[in-house]
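Input: a single structure, listed below in structure tokens.
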């Protein structure tokens with residue numbers, strides 16, 4: 001009789017070996033014609049008893065760390081409480097615009113630009129595909145030509161710009177000629193005086209001295225040839241402006257040194273303080 005070894009000395013159970021033994025036993029039984037249910041019940045009972053005799057000791061079962069233990073009931077992850085980031089308007093997808101909206105937007109942009117503007121810039125401002133802008137510009141130029149409008153849309157270099165139609169050149173020249181003969185407004189005279197005494201000076205500096213914007217007045221003075229751009233400010237990059245020879249001619253002066261002194265023309269300090277006590 002074979003002596004039973006203690007549990008801790010027994011070799012571990014090999015399920016592959018049990019399956020092979022079971023298959024061999026069944027094959028032999030079939031060859032002998034003994035493969036009946038009672039025989040297989042006996043074999044199954046024997047295997048069960050052998051497995052039951054070899055329980056795995058608790059100390060041989062590897063412990064699972066607490067941080068890796070799985071919960072008995074799976075729970076759904078809690079939804080994130082962080083707010084979703086707002087979409088960046090710069091990255092918003094391009095969408096086709098209504099033809100009427102497209103035409104109005106193109107006209108508004110072309111009206112305010114000072115230099116020819118390219119199709120890519122217009123498309124970015126309108127938030128629509130560049131191809132639609134290209135078709136819209138062509139349609140807009142055609143509509144101006146078909147109704148002989150006073151303006152025309154032309155492609156210049158890599159951009160587009162509005163121009164007055166050549167058919168109305170006489171009207172424009174007559175208006176500009178009459179404007180040259182009209183008198184300057186008080187605002188234009190004040191701006192011209194600041195430029196004459198502080199030149200070269202930037203538009204921003206003239207605006208700061210006068211306390212109001214001077215863009216419109218500067219266009220008038222530039223159109224009449226009384227001031228011109230003489231360079232750029234090294235600090236700000238803005239244009240520097242000064243008076244022209246026509247300015248001296250209109251005032252009957254030979255040079256700027258003949259401009260009258262400002263001191264006698266300035267009000268007394270007491271008068272300034274009375275009018276502006278917070279100054």
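The values are calculated or read from the model by the stated rules, or taken from the named source; none is laboratory data. This is a predicted model, so every value here is computed, not measured. When we count neighbours, we look across all protein chains shown, and the Cβ atoms used for this are built from the backbone with ideal geometry, even at glycine.
Overview of results
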{"item": "Hits in the range 108-121 (condition: exposed (fewer than 14 other Cβ atoms within 10 Å of the Cβ) and modelled with pLDDT of 90 or more)", "result": "108, 120"}
{"item": "Some residue of the range 231-242 being more than 19 Å from residue 259 (Cα to Cα), over 40 Å from the mean Cα position of the chain (by Cα) and part of a loop (DSSP other than H, G, I, E, B)", "result": "no"}
{"item": "Hey, residue 137 more than 19 Å from residue 111 (Cα to Cα) and outside the structural domain of residue 255 (by TED's automatic domain parsing) or not", "result": "no"}
